[in-house]
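Asker: Sharing a structure with you now.
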Amino acid sequence: MDVPPYCKNFKVLGCHLNSFACKCVVLAVTALVIRAVLLPTFSIFDGTEQDNLVFIGNLSLSFGQKSGIRKDKFLEVPQIVWGLNNQKIAFARACLTARLLNRTLLMPSLSASLFYKEVELLEPISFDKVFQFKKFNSLCNGFVQLGELSDVRNRTGAFELQKGSGRRWTPERDMDQLKQHNEDPYNEYEVIRIVGKNPFLWHDHWPVKDYAKIFECMVLVDEIMNEADKVVSRIREIGAAQVSSQKEFAQIGISPAENSLVQPVPYVAVHMRIEIDWMIHCKKLEQRSNITQICSSKEEIMERVGNIVGLKTPVVVYLAIADSLLHDPSILNGWKEGLIPFEKKKLGVEGNYKKFSYLIQSAIDYEVCLRADVFVGNSFSTFSNLIVLDRTQKLIRTGVTSSCGVDVRWPSYAYNILGESKGPQRWMTNMSGSSLQAISYGSNDISCRV
């Protein structure tokens, strides 16, 4: 049998091959040649072609920037202190600072107790004991990112960044400092730890909409939400009992319980700031700022709430007040006929609150006010401001951008500013604001438009 020409070399080497075996060997040699020729092309995946690796790496980095923040670089901030809503603002500011630095914010400690000067008495509480950690990262994915200490590989190599202070530390200098620490060599540190004053006192560089996005991601843990459910259910239950006395329900044979199931009975929530320490604070603020529409007396609040145009009565009015006022019976007296005032003690839910720290109690009250059909607060109160911000967001999602002269769902009012028919001023948050300063420190320049 003739040997194919391309196998003759194998005969020279002493390989007596039949045609079939020769073909197999040739195929194997051909495969090796092709592999040798194409090897550089495939080697970009194992790092041989550095230019291509950089290109692929940039795609990954670009995606990381679009989807949020680097998960291998972290920002650590001081313990967050003061009242619930000051802490929410401080937390959001820390998140936005981490976003600017393209870093994951290490989950900070909040403060369960309320002390303004005795820092050593502050009781720390983990963020995830108040707000849902995983839910936050899910809702804020691509915007900001929370991490845990266990995510950090080197816990001893943090770079400490001292925040500036004093009148000479301007917003411009503060921003320059942040930008500088987003470059090498600081950019190489796994953790940047900011030391100094708490984040609420940092300069504000971010628009209202950025804060609003973070607030939307801050969902209370189930335990707190369940407690708020109980309070709201109790308010509506009492409201149903009051409405049941009206003839139209008796005529069609609907019981209070049945009516509350068909359609939840509405209620009004009033954030009443008349406690002594607040009145002292707001009087000084009025003197310094030469503004008279900050403080409101109990009588003024009652009168203006009673003059809300279009408010249907009878209706339960839930009073969100300081514990120091719970034993003042005058709080419940003097309201206009048809307004039925209740606070947590009269509702019979005071014990529900007392099980928790100051911070959790505030969170429950916040949720109760947020869910109210009508909310009335003080435009110089951070608590009231953030509730109105959340309610404005709800209205925007339904396509409403103005409550001026129209009947909208979830209306909000400021009782410290005189509005229509001697009632409180209609109120929506200005979502185009360039910073959160008005919400942080209060304002009487409010509007019924976003």
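The values are calculated or read from the model by the stated rules, or taken from the named source; none is laboratory data. If you're wondering where the values come from, they're calculated on a predicted model, not measured in any experiment. Methodologically, a virtual Cβ is constructed for each residue, glycine included, from the backbone with ideal geometry; neighbour enumeration extends over all protein chains shown. To get the accessible areas, we keep the full protein, side chains included, count just its heavy atoms, and leave off ligands, DNA and RNA. Shrake-Rupley method; radii C 1.70, N 1.55, O 1.52, S 1.80 Å.
Asker: When you check GLU172 against the structure, is it free of Cβ contacts under 8 Å to residues at least 12 places away in the same chain and acidic (Asp, Glu), yes or no?
Answerer: Judged against the criteria, GLU172 is a match.
Asker: Which count do you get for residues in region 288-324 that are modelled with pLDDT under 95 and among the charged types (D, E, K, R)?
Answerer: So the answer is 3.
Asker: Sticking with this structure for a sec: Please indicate, with yes or no, whether at least one residue in region 411-423 is in contact with a Phe, Trp or Tyr (Cβ under 6 Å, 6 or more places away or on another chain), surrounded by 24 or more Cβ atoms within 10 Å (Cβ to Cβ) and part of a loop (DSSP other than H, G, I, E, B).
Answerer: No: region 411-423 contains no residue that is in contact with a Phe, Trp or Tyr (Cβ under 6 Å, 6 or more places away or on another chain), surrounded by 24 or more Cβ atoms within 10 Å (Cβ to Cβ) and part of a loop (DSSP other than H, G, I, E, B).
Asker: Please enumerate the residues belonging to region 216-229 that are touching an Asp or Glu at 6+ places or on another chain (Cβ under 9 Å) and surrounded by fewer than 19 Cβ atoms within 10 Å (Cβ to Cβ).
Answerer: GLU216, VAL221, MET225, ASP229
Asker: With without any contact (Cβ under 8 Å) to a residue 12 or more places away in the chain, more than 17 Å from the chain's Cα centre (by Cα) and not in a helix (DSSP H, G or I) as the only criterion, which of VAL408, VAL400, VAL376 stands out?
Answerer: None of the others qualify; the one that does is VAL400.
Asker: Tell me, please, whether a residue that is touching a strand residue (DSSP E or B) at 6+ places or on another chain (Cβ under 9 Å) and open to solvent by 70 Å² or more (accessible area, probe 1.4 Å) can be found in region 169-183.
Answerer: The answer is no; no qualifying residue exists.
Asker: Can you name the residue in region 91-128 that is among the aromatic types (Phe, Trp, Tyr) and either open to solvent by 10 Å² or more (accessible area, probe 1.4 Å) or more than 23 Å from GLN437 (Cβ to Cβ) (or both) and is also modelled with the lowest pLDDT among such residues?
Answerer: So, considering only residues that are among the aromatic types (Phe, Trp, Tyr) and either open to solvent by 10 Å² or more (accessible area, probe 1.4 Å) or more than 23 Å from GLN437 (Cβ to Cβ) (or both), the one modelled with the lowest pLDDT is TYR116.
Asker: Of all residues in region 350-382 being hydrophobic (A, V, I, L, M, F, W, C) and either in contact with an Asp or Glu (Cβ under 7 Å, 6 or more places away or on another chain) or open to solvent by 30 Å² or more (accessible area, probe 1.4 Å) (or both), which is farthest from LYS209 (Cα to Cα)?
Answerer: PHE356
Asker: If we keep just the residues of region 310-333 that are outside any strand (DSSP E or B) and in contact (Cβ under 8 Å) with a residue 60 or more places away in the chain, which is surrounded by the most Cβ atoms within 10 Å (Cβ to Cβ)?
Answerer: By that ranking, first place goes to LEU311.
Asker: Would you tally the residues in region 299-309 being in a helix (DSSP H, G or I) and either farther than 14 Å from ASN378 by Cα or open to solvent by 70 Å² or more (accessible area, probe 1.4 Å) (or both)?
Answerer: Of the residues in region 299-309, 3 are in a helix (DSSP H, G or I) and either farther than 14 Å from ASN378 by Cα or open to solvent by 70 Å² or more (accessible area, probe 1.4 Å) (or both).
Yes or no, residue by residue, for (1) charged (D, E, K, R); (2) more than 30 Å from LYS230 (Cα to Cα); (3) modelled with pLDDT of 95 or more:
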site: PHE342; (1), (2), (3): no, no, yes
site: ASN352; (1), (2), (3): no, no, no
site: SER362; (1), (2), (3): no, no, yes
site: ASP373; (1), (2), (3): yes, no, yes
site: SER381; (1), (2), (3): no, no, no
site: SER384; (1), (2), (3): no, no, yes
site: VAL406; (1), (2), (3): no, yes, no
site: GLU420; (1), (2), (3): yes, yes, no
site: ASN430; (1), (2), (3): no, yes, no
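Asker: Further, regarding this structure: Say we look at region 79-90 and pick out the residues that are surrounded by 22 or more Cβ atoms within 10 Å (Cβ to Cβ) and part of a loop (DSSP other than H, G, I, E, B); which of these is farthest from the chain's Cα centre (by Cα)?
Answerer: Out of the qualifying residues, it is VAL81.
Asker: Quick one: would you say ASP390 is crowded, with 16+ Cβ neighbours inside 10 Å and either under 16 Å from ASP373 (Cα atoms) or not charged (D, E, K, R) (or both)?
Answerer: yes
Asker: Sticking with this one: Give the residue that is modelled with the lowest pLDDT, with candidates limited to residues of region 386-404 that are more than 28 Å from LYS298 (Cβ to Cβ) and hydrophobic (A, V, I, L, M, F, W, C).
Answerer: So, considering only residues that are more than 28 Å from LYS298 (Cβ to Cβ) and hydrophobic (A, V, I, L, M, F, W, C), the one modelled with the lowest pLDDT is CYS404.
Asker: Ok, one more. Out of VAL144, VAL130, report the one residue that is within 24 Å of the chain's Cα centre (by Cα), of a type in the set (Val, Ile, Thr) and farther than 19 Å from LEU75 by Cα.
Answerer: VAL130
Asker: Being surrounded by fewer than 18 Cβ atoms within 10 Å (Cβ to Cβ), outside any helix (DSSP H, G or I) and of a type in the set (Gly, Ala, Ser) is the filter here; which residues of region 279-298 pass it?
Answerer: Scanning region 279-298 gives a single hit, SER297.
Asker: Then there is this: Evaluate region 65-78: report whether one residue or more is part of a helix (DSSP H, G or I), over 19 Å from HIS181 (Cβ atoms), of a type outside the set (Val, Ile, Thr) and at pLDDT below 55.
Answerer: yes
Asker: A follow-up question, please. Return a yes/no flag: does region 155-164 have any residue that is in a loop (DSSP other than H, G, I, E, B), loosely packed, with under 13 Cβ neighbours inside 10 Å and in contact with a strand residue (DSSP E or B) (Cβ under 9 Å, 6 or more places away or on another chain).
Answerer: Yes, region 155-164 contains a residue that is in a loop (DSSP other than H, G, I, E, B), loosely packed, with under 13 Cβ neighbours inside 10 Å and in contact with a strand residue (DSSP E or B) (Cβ under 9 Å, 6 or more places away or on another chain).
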